[in-house]
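Remarks on the structure that follows.
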Amino acid sequence: SEDEDLPYISRELSENILGLMADIIETEQSFETAVEAALGESLQYIIVKDQHTGSQAIDYLKSQHAGRSGFIPIASIKQLKDNQTRPSQADKLLLNQITVKPGFEDIAQALLGHVAITDNLNEAIELFNCNGSLQTIVTRKGDLISPQGVMLGGSKDKLDGILSKKQEMKALK
């Protein structure tokens, strides 16, 4: 494969790469699609110790012409401060429906702390229009309304997300 031709990364860089976003969260099967919709491609982002490590990893990818990736520096992840970005009801908070690997709670809070969950798109639209909060709203089936009101959705046919594949591998073991 092409990867075999790439030079090894330094030991320092390797030790400061902590894992994938998808590997730090667990959720019940009924919430997998919602979490996948809310996090999108950030599920594949690499968690690193700090911004310096992220910068080194990006430089490595550039110098090796090895593609692109997202990096989440655990030491500098920022929480949304505005109370208007928090769902008003705790039971509607998607973050309360997942389990986070110890030590990574700040990352989950930063990426999901503003995401509300509803059962269906009509309920999501109603919540968006009535509560005045700047939040992402996602349905269990993965339809999404962004804080700006952009709607994403459609059929999930032929789409298996990373969390459902992870769950399937766990079941096979």
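When you scan the stretch 104-148, how many residues do you find that are assigned to a helix (DSSP H, G or I) and touching a residue at least 60 places away in the same chain (Cβ under 8 Å)? Quick ask: steps written out before the conclusion?
Applying the first criterion (assigned to a helix (DSSP H, G or I)) to the stretch 104-148 yields 105-112, 121-131.
From what is left, the residues that are touching a residue at least 60 places away in the same chain (Cβ under 8 Å) are 107-108, 111-112.
Total meeting the criteria: 4.
Hey, can you tell me all the residues within the stretch 112-146 that are farther than 22 Å from Val100 by Cβ, among the aliphatic types (A, V, I, L, M) and open to solvent by less than 40 Å² (accessible area, probe 1.4 Å)?
Ala124, Leu127, Ile145
Which condition number in (1) touching a Lys or Arg at 6+ places or on another chain (Cβ under 7 Å); (2) under 23 Å from Thr136 (Cα atoms) is the one that Ile77 fails?
(1)
Can you pull out every residue in the stretch 116-140 that is closer than 19 Å to Leu95 by Cβ, in contact with a Lys or Arg (Cβ under 9 Å, 6 or more places away or on another chain) and at pLDDT 90 or above?
Listed by number, the residues that qualify are Ala116, Ile117, Thr118, Asp119, Leu127, Ile137.
Condition test on Gln97, is it more than 30 Å from Ser155 (Cβ to Cβ) and at pLDDT below 95? Walk me through it before giving the result.
Values: more than 30 Å from Ser155 (Cβ to Cβ): no; at pLDDT below 95: yes.
No, not satisfied.
Looking only at the stretch 65-77, count every residue that is in contact with a Leu (Cβ under 9 Å, 6 or more places away or on another chain) and open to solvent by less than 60 Å² (accessible area, probe 1.4 Å) and tell me the total. Quick ask: steps written out before the conclusion?
Pass one, the stretch 65-77, residues in contact with a Leu (Cβ under 9 Å, 6 or more places away or on another chain): 66-69, 72, 74, 77.
Among the residues that remain, those that are also open to solvent by less than 60 Å² (accessible area, probe 1.4 Å) are: 66-67, 69, 72, 74, 77.
Number of matching residues: 6.
Residues in the stretch 153-171: is at least one modelled with pLDDT of 80 or more and in contact with a Phe, Trp or Tyr (Cβ under 7 Å, 6 or more places away or on another chain)?
no
Tell me, which residue of the stretch 88-113 that is over 23 Å from Leu18 (Cβ atoms) and not small (Gly, Ala, Ser) is farthest from the chain's Cα centre (by Cα)? Write out each step before concluding.
As a first pass, look at the stretch 88-113 and keep what is over 23 Å from Leu18 (Cβ atoms): 88-93, 96-97.
Among the residues that remain, those that are also not small (Gly, Ala, Ser) are: 89, 91-93, 96-97.
On the way: Gln89: 21, Asp91: 19, Lys92: 17, Leu93: 14, Asn96: 14, Gln97: 14 Å.
Per the stated criteria, the residue is Gln89.
To keep it simple, each residue is scored yes or no on (1) in a loop (DSSP other than H, G, I, E, B); (2) in contact with a strand residue (DSSP E or B) (Cβ under 9 Å, 6 or more places away or on another chain).
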position	(1), (2)
Phe31	no, yes
Glu41	no, no
Ala57	no, yes
Tyr60	no, no
Arg68	yes, no
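Out of all the residues in the stretch 5-64, which are free of Cβ contacts under 8 Å to residues at least 40 places away in the same chain, crowded, with 19+ Cβ neighbours inside 10 Å and aliphatic (A, V, I, L, M)?
Val48, the sole residue that qualifies.
The values are calculated or read from the model by the stated rules, or taken from the named source; none is laboratory data. Computed from a predicted structure; not experimentally measured. Heads up, the Cβs are rebuilt from the backbone with ideal geometry, glycines too, and the neighbour counts pull from every protein chain shown. Ligands, DNA and RNA are stripped out before the accessible areas are found, and what is left, the full protein with its side chains, is counted by its heavy atoms. Shrake-Rupley method; radii C 1.70, N 1.55, O 1.52, S 1.80 Å.
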